[in-house]
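Take a look at the structure set out below.
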Amino acid sequence: MSTIRYITSDVFTGARFGGNQLAVIPDATGIPEELLLPICREFNYSETTFVYPPEHPGETRRVRIFTPGGELPFAGHPTIGTAVVLAATGEIATHDGTARIVFGEGVGPVPVEIRGVHSGGGWAQLSAAKMPELGPPVPSRSMLAKMLGLTTDDILATSERPQAVSCGLPFLIVPLTSVSAVSRARVNVERWEETLANAWASMIWVYAADAEGGDRHYRARMFAPGINVPEDPATGSAAVTFAGFLAARSRTRNGSLEWTIDQGIEMGRPSRLAIEADKVDGNITALRVGGEAVLVSEGTMRI
């Protein structure tokens, strides 16, 4: 019998017991492949990361990301949280609490900027490895409304109509008319199985403009029953995809755009995500998502 070291973190929050939980295995070398998923399920968080030495030149570490339903090629809160954990514990060197690193993930190299790191946490921002890819046509507003326990009028029918988009992980982005509609959304699993289970984008991101936070602020939720995540309190991969969705609809042709998102409110785990997009001559050239993370616990697991 051997033991492995783990560290847990709450991501996209500056306060413990908020944000999205993450378990990090800082040195996963030697763990048998067949134990990766059971270890993830033992934590029962939405994601667990396993960290390895770099495989390719230019990489700082290789990171594999698992949900209780299987491995993902890319995810935001695990990337942000792993970067802060490794920096805060000295696994990655920083200069005055800052560093620029690259994680090798299933989607390819993912650059991460780290700032303000201390023994209890810090801030990090990732740059998407892929620009937005549009998926096939999505179900009708009436079908989506029935699946989400809403009325058809709760779903926008403007230029911000529902669309399937991916920046390495596909999401069905569903614009709602109000924060109240976001809070009322509930996934009917039977209708989800009929409508989205086998779709190109089976994970759902619902959002609405939230004027209380300013004219560039949104409230959002993410549902992913297909990977055993009924609801996620903070989803960086969806947020960076959402940045691409918003940037494509912006009249800005050159410059940087910024927005903020509150997620996890309905789950009692409030999270704040900051997203950015760069455009040149109307084309999206870069997408970023960032936020804080705090360390919560540390221990060993017998395997």
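A few remarks follow.
- Residue within segment 157-175 that is among the polar types (S, T, N, Q), within 30 Å of residue 101 (Cα to Cα) and touching a residue at least 12 places away in the same chain (Cβ under 8 Å) present: yes
- Restricting segment 57-96 to residues that are of a type outside the set (A, V, I, L, M, F, W, C) and assigned to a strand (DSSP E or B), the residue that is farthest from residue 225 (Cα to Cα): 95
- Condition met for residue 158 (among the hydroxyl-bearing types (Ser, Thr, Tyr), modelled with pLDDT of 95 or more and out of contact with any His (no Cβ under 7 Å at 6 or more places or on another chain)): no
- Selection status of residue 16, part of a strand (DSSP E or B), within 23 Å of residue 291 (Cα to Cα) and over 17 Å from the mean Cα position of the chain (by Cα): no
- Looking across segment 209-231, the residues that are hydrophobic (A, V, I, L, M, F, W, C), closer than 20 Å to residue 154 by Cβ and surrounded by 22 or more Cβ atoms within 10 Å (Cβ to Cβ) come down to 220, 222, 223.
- Annotation note: of 249, 191, the sole residue that is of a type in the set (Lys, Arg) and modelled with pLDDT of 95 or more is 191.
The values are calculated or read from the model by the stated rules, or taken from the named source; none is laboratory data. Just so it is clear, the model here is predicted, and its values are computed rather than measured. Don't worry about glycine lacking a Cβ; one is built from the backbone with ideal geometry, like all the others, and counts go over all protein chains shown.
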